[in-house]
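Heads up, the thing below is written out as structure tokens.
Nothing in this text is a laboratory measurement; each read-out follows from the coordinates by a stated rule. Keep in mind it's a predicted model, so treat the numbers as computed, not measured. Here the Cβ positions follow ideal geometry from the backbone for every residue, glycine too, while neighbour counts run over all protein chains shown.
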Amino acid sequence: MIGRYGLDIARNAERDYISEHKFGSNLSVVIGTQTIWSEGGLYPWGEFDAGAVTLYLISTSTSDTDSVTIYGLDENWDMQNETIIMAGTVAVPTTKAYKRIYRMIYDSGETNVGKITVRTVSGTGTVVSSILAGDGQTLQSIYTIPRGYTAYLCGATVGVGKGGDALIRLYARENYFEVASFKVKSTVGLYETTVSQNYEVPLRFIQQTDIDFRIVSSANNFTASASFDLILDKI
């Protein structure tokens with residue numbers, strides 16, 4: 001049963017706290033290490049190393065001409081979002097620059113027909129976020145703690161589908177400006193199953209920490225998923 005305090009946070013009744021639920025999946029895991037997100041492979045964090053960048057939205061279908069809302073962090077690591085009207089297979093630039101992007105939502109009454117990607121540099125650049133056809137929202141088990149907040153990881157659920165035999169690991173990169181490397185914070189071995197873990201003492205992450213759930217596999221062609229819940233505490 002949900003506690004009253006947790007309910008107050010979800011209702012935005014606690015002004016200094018924000019709840020953040022993140023989830024992602026990889027529908028076709030391959031041998032090696034990869035982030036659990038819809039694109040497969042490791043998430044390309046390095047695309048943002050030079051600073052905040054303009055992003056470009058494009059779909060594989062000419063039918064996707066409705067709005068998409070992007071959620072991320074600006075050049076100061078503060079939360080920001082904007083809504084962009086898509087132009088189908090023609091790339092549309094954002095009006096804001098992004099240091100991170102952690103979610104997109106297709107805001108039409110209809111779901112997206114094609115696969116929508118957000119790319120750096122141009123409409124043919126590196127994919128940093130995507131919405132699979134028919135999903136209406138991104139599936140990416142990554143997050144970056146905004147400036148001015150400390151985050152507490154309250155729980156996580158990880159799983160692998162039929163044929164899956166792998167390790168799922170939580171990686172974090174703290175002190176971004178001082179230590180530019182990810183370190184493992186938690187690991188669990190799975191075989192065709194799903195496991196949930198609630199932290200009686202939550203894991204603490206400081207501002208500007210990158211969180212990345214990854215799967216380490218010695219097999220191909222199975223699904224993997226991860227979801228996690230954070231409470232952001234305003235400093």
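Go through 102-110, 213-221 and give me the packing order, highest mean Cβ count within 10 Å leading.
Values: 102-110: 16.3, 213-221: 18.1.
So the order, starting with the most tightly packed, is 213-221, 102-110.
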Taking the range 45-131, the equivalent ellipsoid from its C-alpha gyration tensor has semi-axes in Å, biggest first, of 21, 14, 9
Once amide hydrogens are built 1.01 Å from N within the peptide plane, the residues lying 5 or more places from LYS99 or on another chain with amide H under 5 Å from its amide H are VAL53, LEU73, ASP74, GLU75
In whole Hz, the Karplus estimates of ³J(HN,Hα) for the range 41-48 (6.51, -1.76, 1.60; θ = phi - 60°; x where Gly or Pro) are x, 6, 5, x, 4, x, 4, 10
Expressed as a whole-number percentage, the relative contact order of the chain with C-alpha contacts under 8 angstrom and at least six residues apart is 27
Once normalised by the length of the range 113-235, the mean sequence separation of its alpha carbon contacts under 8 Å that are 6 or more apart gives a contact order in percent of 35
Of all DSSP beta bridges with both partners in the chain, the antiparallel percent, nearest 5, is 100
Whole-Hz Karplus couplings 3J(HN,Hα) for the range 211-220, θ = phi - 60° and coefficients 6.51, -1.76, 1.60, Gly and Pro as x, run 10, 8, 7, 10, 10, 10, 10, 10, 9, 10
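Taking the Cα centre as origin and putting +1 on Lys and Arg beta-carbons and -1 on Asp and Glu beta-carbons, what dipole magnitude results for the range 45-131, to the nearest 20 debye? Present the calculation step by step, with values, prior to reporting the outcome.
Values: 6 positive and 10 negative charges, 37 e Å.
My answer is approximately 180 debye.
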Once amide hydrogens are built 1.01 Å from N within the peptide plane, the residues lying 5 or more places from THR144 or on another chain with amide H under 5 Å from its amide H are ILE211
For LEU42, other-chain or 5+-apart residues with amide H closer than 5 Å (H placed, Pro excluded) are THR35
Ordering 187-200, 83-96, 26-39 by per-residue average of other C-beta atoms within 10 angstrom, highest first, gives 26-39, 83-96, 187-200
Along the range 147-159, Karplus-curve 3J(HN,Hα) (6.51, -1.76, 1.60; θ = phi - 60°) to the nearest Hz, with x for Gly and Pro, reads 4, x, 9, 10, 10, 10, 7, 8, x, 8, 10, 10, x
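Take the cross-link list LYS96/LYS183; LYS22/LYS234; LYS99/LYS162; LYS115/LYS234; LYS185/LYS234 and give me the ones stretching past 25 Å between alpha-carbons. Could the numbers behind the result be given before it?
Values: LYS96/LYS183 31 Å; LYS22/LYS234 19 Å; LYS99/LYS162 36 Å; LYS115/LYS234 36 Å; LYS185/LYS234 23 Å.
Correct reply: LYS96/LYS183; LYS99/LYS162; LYS115/LYS234.
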Kirkwood Rh for the chain from C-alpha pairs, in Å, is 18.3
